[in-house]
Structure formats: C-alpha cells, structure tokens
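For reference, the structure discussed in these notes is given below.
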C-alpha cells in the first residue's frame, strides 16, 4: 500500500447550502467509487471552494456520508485569481491504495470538466 492523492472538482449553479452539500457529496462518493476506496482507506480529504461559495462548509456533506464520520476533512478557499472558474468545489482525497499513479481516476463533474480535459474518459 502507498498513499495516493485523488483529485476532483465540480461546480454549482448558485451558492445555496443544499446545492453545495449535494454537489460535494456526489463528487467525493464518485471519487471513492471509481477508485475502489473504502472509508477506512481514506487518510484525509481537503476541500476548497472558490471565494464565491460561502453558504456552508462542504465538509459537512462528507461527514454525513454513511461510514465517513471519522474521515478527517478540512475546508479552505481557493486563491481568488481573476478569470478563475466561479462556483467551483475542489477535493483532494489522500488514500491508502495499491493503484499505480497512472491508473488513479480523477473525477471532474459539471463545468469543472473544463479544468482538466486531459483527464477525462
């Protein structure tokens, strides 16, 4: 086993609590599923949002997933760079896995697929 970083990002249409929580949960669940990661494999999850997201802490969504209550999660804001994609939620999940780096599946949803078109299926 070794530690790998799984990346992912998604977007919301509006900064509304329910939208942020649903998008965050869908993102991290797909990241885990696509990489065959169980909650006990997760070392930590770092979630960042663009500064236009202020309605809630996205970490709340992660902690509410069945079996994920003990996964360490932290939120932060992205750098406020002019021209950056708005209303964007990014995740970096550190996991114990045997998956070689080149086979890690990074997940980009909604408008965030534009961030890393090179990693799309």
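Details
- Filtered residues of the stretch 1-32 (kept if touching a residue at least 40 places away in the same chain (Cβ under 8 Å) and under 14 Å from residue 64 (Cα atoms)): 20, 21, 23, 24, 25, 26, 27, 28
- Considering (1) farther than 13 Å from residue 92 by Cβ; (2) touching a residue at least 40 places away in the same chain (Cβ under 8 Å); (3) touching a helix residue (DSSP H, G or I) at 6+ places or on another chain (Cβ under 9 Å), the lone condition that residue 47 does not fulfil carries the number (1).
- Note on the stretch 107-121: residues that are surrounded by 17 or more Cβ atoms within 10 Å (Cβ to Cβ) and farther than 16 Å from residue 48 by Cα amount to 1.
- Among residues of the stretch 1-16, those that are in a strand (DSSP E or B) and surrounded by fewer than 20 Cβ atoms within 10 Å (Cβ to Cβ), counted: 4
- Of the candidates 83, 40, 67, the single residue that is over 12 Å from residue 24 (Cβ atoms), loosely packed, with under 13 Cβ neighbours inside 10 Å, in contact with a helix residue (DSSP H, G or I) (Cβ under 6 Å, 6 or more places away or on another chain) and free of Cβ contacts under 8 Å to residues at least 60 places away in the same chain is 67.
Read the figures in this text as sums done on the coordinates, not as results from a lab. Since the structure is predicted, the reported quantities are computational estimates derived from the model, not experimental observations. Ideal geometry is used to build each Cβ from the backbone, glycine not excepted, and the neighbour counts take in all protein chains shown.
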